[in-house]
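Note sheet for the following structure.
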Amino acid sequence: MTDITIALSKGRIFEDTAPLLKAAGIIAQDDPESSRKLILSTNHDNVRLVIVRASDVPTYVQYGAADLGIAGKDVLLEHGGMGLYHPLDLNIARCRMMVAVPEHFDYESAVKQGARLRIATKYVQTAREHFAAKGVHVDLIKLYGSMELAPLVGLADAIVDLVSSGNTLKANHLKAVEEIMPISSRLIINQAALKLKRDTIQPILDAFSAAIDSQP
Ligand code: PRT
Ligand code: MG
């Protein structure tokens, strides 16, 4: 049997992927939340999981260090998708990419007046394209996390971030003013691996598709 390596991040992606892996007959031997191992073996001798930062998943798959990976659309858009197939929307880890501003900031009028906005975000590519398409002039400030803080301390007028429950925005007196796009996670495949290891990869793909289709 051909060896297969699957890259994914712990946390919500691992939690939502475990049932799909199970549907494909793959069960991790360790729990990444409690184990410090970065390589997890599975019930199949030829299948292993590697646990990496969410934003590093496409890089591992692009260079063939992993054959398959699971990554959010947010991450894939920033990465660019070179060398990757993304055949399957897994419909997991869903959220929305939003523009958010302080509660009392009038975003509509600022945009109408042609104000130049300072936007803090981890998603620079996505934000740049969004505001360019709207014809809004922006200065983008790259952050690596806790974007919600930026408008509160005067670093930015607005943020572009992922929102699921909306609780983080609310707790920081921010409001979502514009949806950029809905986000979910995709299965990604190294293009060369798909050709060379199709016999092993195709059944995993089929099991994932079937599991997604049977979801309510
Ligand atoms: O945490 P780390 O810095 O290692 O990386 P990461 O944040 O990219 O990874 P992780 O595991 O947190 O997220 C992995 C993927 O889950 C992301 O790439 C998204 O595709 C997806 N996802 C789904 C989310 C959320 N929902 C989400 N709510 N990723 C992040 N969030 C954050 C958001 O950035 C904000 O800070 O949760 C906060 C908002 O949540 P609510 O529920 O308060 O609205
Ligand atoms: Mg996170």
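The values are calculated or read from the model by the stated rules, or taken from the named source; none is laboratory data. Please read these numbers as outputs of a predicted model, since none were measured by experiment. Accessible surface areas use protein heavy atoms only, side chains included; no ligands, DNA or RNA. Shrake-Rupley method; radii C 1.70, N 1.55, O 1.52, S 1.80 Å.
Compute the long axis of helix 198-213 from its Cα atoms, compare it with the longest principal axis of the Cα atoms of the chain, and write down the angle in degrees, 0 to 90, nearest 10. Tilt relative to the chain: about 50 degrees.
Measuring nothing but how far apart in sequence close Cα pairs (under 8 Å, 6+ apart) lie, relative to its length, the chain scores a relative contact order of 28 percent. Cross-link pairs exceeding 28 Å in C-alpha to C-alpha distance, out of LYS73/LYS134; LYS37/LYS142; LYS73/LYS112; LYS37/LYS73; LYS10/LYS170; LYS73/LYS170, comprise LYS37/LYS142; LYS73/LYS112. The translational diffusion coefficient of the stretch 1-67, from Stokes-Einstein at 4 °C and 1.567 mPa s with a Kirkwood hydrodynamic radius over alpha carbon pairs, comes to 108 µm²/s. Counting only DSSP beta bridges with both residues in the stretch 95-182, the antiparallel share comes to about 60 percent.
Largest GNM mean-square fluctuation among SER184, SER35, SER164, using the chain with Cα springs under 10 Å: SER35.
Scaled to the globular estimate 2.2 N^0.38 Å, the Cα spread of the chain, given as radius of gyration, is 1.14.
For the chain, modelled as a GNM whose springs connect Cα atoms under 10 angstrom apart, the maximal fluctuation among ILE201, ILE183, ILE159 occurs at ILE201. Expressed as a whole percent, the accessible surface of the chain that belongs to carbon and sulfur atoms is 50, based on a 1.4 Å probe.
For the chain, the longest principal axis of the C-alpha atoms and the axis of helix 124-134 are separated by about 50°.
Using only Cα atoms, tell me the angle between helix 12-23 and the longest principal axis of the chain; keep it within 0 to 90° and round to the nearest 10. Tilt of helix 12-23: around 30 degrees.
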